[in-house]
Amino acid sequence: MVDNKLIVSSSPHLRSDETINRIMLDVIIALLPATLASIYYFRFNALKLIVLAVLTAMVTEALIQKLMKKPITVNDLSAVITGLLLAFNIPASAPWWIPVIGSAFAIAIVKQAFGGLGHNFMNPALAARAMLLASWPVIMTNWVAPGAEAVSTATPLAILKGEAANQILPPLKDVFFGNVGGSLGETSAILLILGGAYLLYRGVINWRIPFTYIGTVAVMMLIFDGGLTSMIYHIFAGGLMLGAFFMATDYASSPVTPKGQIIFGIGCGVITSVIRLYGGYPEGVSYSILLMNVVAPLLDKYTSPRVFGEVKQNG
Amino acid sequence: MKLKNLTFKGGVHPPHFKEYTEKIPLEKAKEPQTVIIPLAQHIGAPCEPIVKVGDRVKIGQKIGEPKAFVSAPIHSSIAGIVKKIVPYTSPIGTQVLSVVIESDGSNEVDENVKPKGDLESLTKEEILNIIKEAGITGLGGAGFPTHVKLSPPPDKKIDTIILNGAECEPYLTSDHRLMLENPEKVVFGLKAIMKAVGVNKGFIGIENNKPDAIEVMQNAVKNEPNIEVATLVTKYPQGDEKRLINAVTGREVPAGGLPMDVGVIVNNVGTAAAIADAIQTGMPLIQRIVTITGSAINEPKNLIVKIGTPFIEVIKQCGGYKGKPGKIIMGGPMMGIAQFTDEVPVIKGTSGILVLNEKEAKISEPKQCIRCGKCVDICPVNLQPLFISQFALKSMYDEAEYYHALDCIECGSCSFICPSKRPLLQSIRVAKRELISRRKKR
């Protein structure tokens with residue numbers, strides 16, 4: 001007989017090898033191409049801002065957990081992602097303290113104050129961006145053209161909107177690959193799509209939020225902004241790809257039910273389109289996701305899937 | 001030849017681990033010296049012993065008589081002397097009154113064990129009676145008395161029998177080997193069931209990770225126009241009755257209902273083979289195929305084991321433990337029951353003995369829920385395990401009930417997939433127990 005050292009626990013006795021760390025690592029891998037592109041386009045400025053954002057996020061997380069006497073979980077990599085995403089959301093011309101304040105705010109207020117990983121009701125990076133934009137609107141919208149010298153420019157969407165009358169739209173190729181003005185990480189549509197595809201392939205995210213989000217924007221722009229060209233610019237310029245694949249899909253602040261995720265995606269798409277078409281800010285993606293974050297718990301509550309075998313209601 | 005890959009919505013893809021034993025032919029285990037036969041090996045009322053200490057019993061002799069309808073008699077698996085009738089730890093985890101028999105080496109078979117005649121000449125009632133008298137219970141794991149399952153109330157019109165050969169639990173290969181080596185028994189059993197219930201449509205559902213079994217069974221039913229092999233996608237829990245019915249027929253068993261509500265009865269392929277034995281040889285259910293497997297077993301095997309043989313005896317015949325065992329499980333890793341000791345006996349529902357090493361047996365520390373929603377995506381019954389679990393852990397049972405905790409089939413897919421290693425199923429079980437006991441109090 002074996003001695004009584006057998007482990008006796010309730011089934012299942014087999015667990016998948018998926019872990020939080022692996023998921024977070026996948027997100028970082030997915031963000032890597034766009035990170036490298038932003039460094040390529042915006043040179044040392046980009047590198048400096050990204051490093052500062054990531055480091056601040058990690059230090060803040062560790063510090064707060066230490067102060068609150070909670071287990072320190074920086075090595076789960078989620079803070080790295082928040083820092084990286086925040087850096088993606090600021091212009092290359094921003095001073096060094098912008099990512100520092102932003103990351104500290106994202107982690108301390110939006111994430112840890114609400115209970116840490118999985119409990120933030122808003123996307124921390126986006127909430128921090130909104131805070132920065134409200135506090136330092138000029139710094140946060142001082143777009144520069146790619147290259148070593150920080151030459152001011154307008155974003156394609158601003159040109160499209162007619163805010164920068166004397167500039168012409170950059171060729172679609174540049175918009176696609178990222179050779180245009182804009183926030184650090186949102187300029188290269190193709191690399192963000194590549195990252196998104198990787199996340200879909202790895203099963204980290206599913207199609208529901210990104211596809212309905214982008215699809216809704218595409219349809220609305222086609223109908224309300226007159227035509228295909230405008231639609232294509234709206235999809236590939238600006239933060240739509242970044243938002244759709246990396247921000248709106250944030251686990252903690254988006255719904256978990258299939259129907260809820262679809263409504264969430266469509267909602268983000270509608271609000272983004274309305275802001276871009278009729279709003280005064282070029283901030284469609286950020287605010288739409290933040291607004292939908294707030295209704296996510298409601299969506300979860302009212303979109304419970306029909307339980308298998310539950311009697312179908314008539315009428 | 002129709003090769004559709006049928007399935008249901010949801011589910012997970014655990015690693016198979018079937019390579020340990022899938023290629024290893026069935027082998028008869030050594031005759032046990034002593035057997036411990038629990039008088040309750042099925043869902044339903046326990047049996048009462050009809051032998052006394054000191055009695056001499058023969059192979060196939062009835063030793064436990066059921067006292068209720070939902071029950072099945074128990075037979076001796078060896079010939080010898082009744083030594084004790086005492087409560088003994090059963091692999092189900094409770095103490096059960098058990099008959100301990102010591103072999104006299106004679107291997108004498110009871111006089112009542114004789115062929116029951118042609119399937120053609122047997123009536124429905126006769127077949128049902130043979131199944132009942134042979135003590136046949138579901139061999140898939142749950143162990144429901146088969147004659148009860150095959151006697152639906154007259155208002156339930158049954159039109160389809162499905163044999164479950166999915167064997168979706170990782171590690172287990174007993175059904176696989178049975179289908180490969182004794183396909184004709186499986187088909188005979190299915191025909192007997194179809195006749196007993198008065199149905200002329202039968203399916204044998206097999207997951208497509210067993211192409212050899214699919215081929216063999218397809219050959220075996222070549223000349224049976226009413227029987228079809230249904231090829232299923234390899235996915236857990238494909239072998240769950242309601243998932244299987246959904247995959248094969250497209251029908252959806254109502255929540256809280258039974259397969260018979262949609263005109264279907266599901267039996268395990270092993271159960272069908274046991275029925276074939278009972279009719280063809282008259283031998284009641286006194287042995288079964290057990291897969292002994294896992295990283296902590298020296299020579300994993302598929303053995304035909306006499307009911308009542310202690311686990312340790314069977315494990316010794318597989319070269320004993322490799323290293324120190326961390327966990328001994330009766331059944332598969334997804335739904336099996338962890339054992340306190342290896343001295344429990346093999347019962348009718350013992351489809352496998354799985355021994356994990358200490359490393360695999362370790363339970364990982366649960367982390368915070370990150371709301372990834374994977375448990376919602378994969379739940380075969382469309383539940384939201386993360387919410388039910390949160391409510392259960394806070395003792396908010398009304399809320400757990402609102403989220404349909406009672407519809408949980410306890411397949412464990414949610415716990416399996418959870419990247420935070422949260423005890424999802426374990427906590428949902430707590431809510432279920434609480435809710436059921438509340439209902440009883442009302």
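Structural remarks
- For q = 0.23, 0.24 Å⁻¹, Debye-computed log10 I/I(0) when each Cα of segment A:1-100 counts as one equal scatterer: -1.15, -1.19
- 1.4 Å probe accessible area per residue over segment B:165-239, in Å²: 30
- Residues of segment A:1-138: accessible area per residue with a 1.4 Å probe, Å²: 42
- When B:VAL305, B:VAL113 are compared by accessible surface with a 1.4 Å probe, the order from highest to lowest is B:VAL113, B:VAL305.
- Restriction of the trypsin sites (Lys or Arg not before Pro) in segment A:1-74 to DSSP coil positions whose beta-carbon has at most 14 other beta-carbons within 10 angstrom yields A:LYS5, A:LYS69.
- Taking label points 7 Å from Cα along the Cα-to-Cβ direction, A:LEU36 and B:LYS84 give a separation of 7.0 nm.
- Rolling a 1.4 Å probe over the protein heavy atoms of segment B:348-419, with every protein chain left in place, gives an accessible area that is 53 percent carbon and sulfur.
- Pair-distance profile P(r), taking every C-alpha pair of segment B:273-338, with 5 angstrom steps and integer %: 4, 16, 23, 23, 15, 10, 7, 3, 1
- Cα-Cα over 27 Å, subset of A:LYS48/B:LYS421; A:LYS5/B:LYS28; B:LYS23/B:LYS367; B:LYS9/B:LYS440; B:LYS28/B:LYS116: A:LYS48/B:LYS421; A:LYS5/B:LYS28; B:LYS23/B:LYS367; B:LYS9/B:LYS440
- A:MET68/A:GLU310 FRET efficiency (R0 35 Å; Cβ-Cβ; nearest 0.05): 0.25
- Among complete DSSP H helices in chain A, those whose alpha-carbon atoms stretch at least 18 Å along the helix's long axis and whose mean Kyte-Doolittle hydropathy reaches 0.5 are A:20-67, A:189-202, A:208-224, A:258-278, A:284-302.
- For segment B:356-370, residues shielded by at least 40 square angstrom of accessible area compared with the chain on its own, probe 1.4 Å: B:GLN368, B:ILE370
- Calculated FRET efficiency, B:GLU120 to B:ASP155, Cβ-Cβ distance, R0 = 30 Å: about 0.55 to the nearest 0.05.
- Of the trypsin sites (Lys or Arg not before Pro) found in segment B:315-364, the ones in coil according to DSSP and having at most 15 other Cβ atoms within 10 Å of their Cβ are B:LYS362.
- Pairs exceeding 27 Å between alpha-carbon atoms, taken from B:LYS132/B:LYS185; B:LYS124/B:LYS301; B:LYS52/B:LYS306: B:LYS124/B:LYS301.
- Modelled spin-label separation between A:ILE139 and A:ILE101, with each label point placed 7 Å from Cα along the Cα-to-Cβ direction: 0.5 nm.
- Listed cross-link partners B:LYS62/B:LYS83; B:LYS58/B:LYS114; B:LYS67/B:LYS149; B:LYS191/B:LYS222 are compared with a 19 Å cut-off, the Cα-Cα value being larger for no pair.
- Solvent exposure ordering (accessible area, 1.4 Å, most first) of B:ARG288, B:ARG422: B:ARG422, B:ARG288
- Taking all Cα-Cα distances within the protein assembly as shown, those exceeding 40 Å account for 45%.
- Carbon and sulfur %, accessible surface of segment A:10-68 computed with the full protein complex present, 1.4 Å: 74
- For segment B:338-416, with +1 on Lys and Arg beta carbons and -1 on Asp and Glu, the positive-most of B:PRO345, B:SER413, B:ALA400 along the dipole: B:SER413
- Of all accessible heavy-atom area on segment B:163-228, the percent that carbon and sulfur account for (1.4 Å): 47
- Taking the Cα centre of chain B as origin and assigning +1 to Lys and Arg Cβ atoms and -1 to Asp and Glu Cβ atoms, the resulting dipole is close to 1120 debye.
- Ranking A:ASP76, B:ASP240 by solvent-accessible area of protein heavy atoms (1.4 Å probe, all protein chains present), from largest to smallest, gives B:ASP240, A:ASP76.
- Options B:THR137, B:LEU150, B:ASN112, ranked by Cα towards positive dipole end of segment B:110-223, top entry (Cβ charges): B:LEU150
- A:MET231 sits with roughly 30 Å² accessible to a 1.4 Å probe, with DNA, RNA and ligands left out of the calculation.
- The A-B contact accounts for approximately 4500 Å² of buried accessible area, totalled over both chains at a 1.4 Å probe radius.
- Exposure of A:SER286 as accessible area (Å², to 10), given a probe of 1.4 Å and all protein chains: 0
- Positions from segment B:417-442 whose accessible area shrinks by 30 Å² or more when the full protein complex is built, not the chain alone, probe 1.4 Å: B:PRO419, B:LYS421, B:GLN426, B:ARG429
- Solitary cysteines of the protein assembly as shown, where the nearest other Cys Cβ is not under 4.7 Å: A:CYS268, B:CYS47, B:CYS168, B:CYS318, B:CYS369, B:CYS372, B:CYS379, B:CYS408, B:CYS411, B:CYS418
- Inter-site label distance for A:ARG22 and B:LYS28 at 7 Å from Cα along Cβ, in nm: 4.5
- For B:337-348, mean number of other protein chain Cβ atoms within 10 Å: 2
- Residue-averaged [θ]222 nm for the protein assembly as shown, counting only DSSP H segments that reach four residues, each worth -39500 (n - 2.57): -12000 deg cm²/dmol
- Solvent-accessible area of B:ASP118 with every protein chain in place, 1.4 Å probe, in Å² to the nearest 10: 100
- Within the listed set A:ASN45, A:ASN120, A:ASN75, the residue fluctuating most in the Gaussian network model of chain A (springs between alpha-carbon atoms under 10 angstrom) is A:ASN75.
The values are calculated or read from the model by the stated rules, or taken from the named source; none is laboratory data. All values derive from a computational prediction rather than experimental measurement. A quick note on method: Cβ atoms are made from the backbone with ideal geometry, for glycine too, and the neighbour counts reach across all protein chains shown. Ligands, DNA and RNA are excluded from the accessible area calculation, which covers all protein heavy atoms including side chains. Shrake-Rupley method; radii C 1.70, N 1.55, O 1.52, S 1.80 Å.
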